[in-house]
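Computed from the coordinates by the stated procedures, all read-outs in this text should not be read as laboratory data. None of these values were measured; they are calculated from a predicted model. Because the Cβ atoms are built from the backbone with ideal geometry, glycine has one as well, and the counts that use them run over all protein chains shown.
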Amino acid sequence: MSKPQIYVERTLAVIKPDAVHHADEIEDVITRYGFSVLQKRKVQLTPEQASEFYAEHFGKMFFPSLITYMSSGPVVALVLAKDQAISSWRELIGPTNSLIAKQTHPDCLRAKYGTDDQQNALHGSDSFTTAEKEIRFFFPDSIVEPIPIGEAAKS
Ligand code: RTP
Ligand code: MG
């Protein structure tokens, strides 16, 4: 029989350069909504690193300005854990375009801290596969496998 395992869904949140000065306030909201912050790192992305992170958008009209924006100052990357963390975090940040968010979801974080269709304050992984990949991008040493209970107690 295999050992019992504990698994809690994780997602990657990024506080983008335009919202980093609100990081403490945003982290308070994150914990108030029941997320656990497993890891946190403040980092300035180079344009090359920002391009790698947003590679899925390469070739789109907004790609060059997205890269300029994401490498314009430090970002804060956080690994969040919670039941259904991926969809819960996406719901809490709200629609991509902050201008629309302000009209349709005034309580969401992009409505509160973002400005427009690009400067929208926050990122959230959009699927399980993306979350694991993005967590590894910012935290290459992070353990991605569920830890068997017996093994966790030993470490
Ligand atoms: P994110 O990846 O940052 O969580 O945002 P998202 O899933 O809601 O939206 P996505 O389509 O993945 O776009 C990535 C980021 O690119 C910028 N963007 N600019 N000017 C534009 O038309 C435009 N469209 C997207 C935003 O910063 C968006 O979050
Ligand atoms: Mg996205």
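Quick notes on this structure:
- Footprinting exposure proxy for 61, 70 (fewest neighbouring C-beta atoms within 10 Å first): 61, 70
- Among the DSSP helices (H) of the chain, those spanning at least 15 angstrom by Cα along their long axis with an average Kyte-Doolittle hydropathy of -1.0 or more are 128-138; this is a geometric and hydropathy rule only.
- Residue order, fewest to most surrounding Cβ atoms within 10 angstrom, among 126, 141, 107: 141, 107, 126
- From its DSSP helices (H runs of at least four residues, each -39,500 (n - 2.57)), the chain gives a residue-normalised ellipticity at 222 nm of -11000 deg cm²/dmol.
- Built amide H within the under 5 Å cut-off of residue 117, gap 5+: 98, 99
- Around the amide H of residue 126, modelled in the peptide plane, lie the amide H atoms of 131, all under 5 Å away and 5 or more residues distant in sequence or on another chain.
- Over the C-alpha atoms of the stretch 10-144, the Rg to Rh ratio, Rh being the Kirkwood estimate, stands at 0.93.
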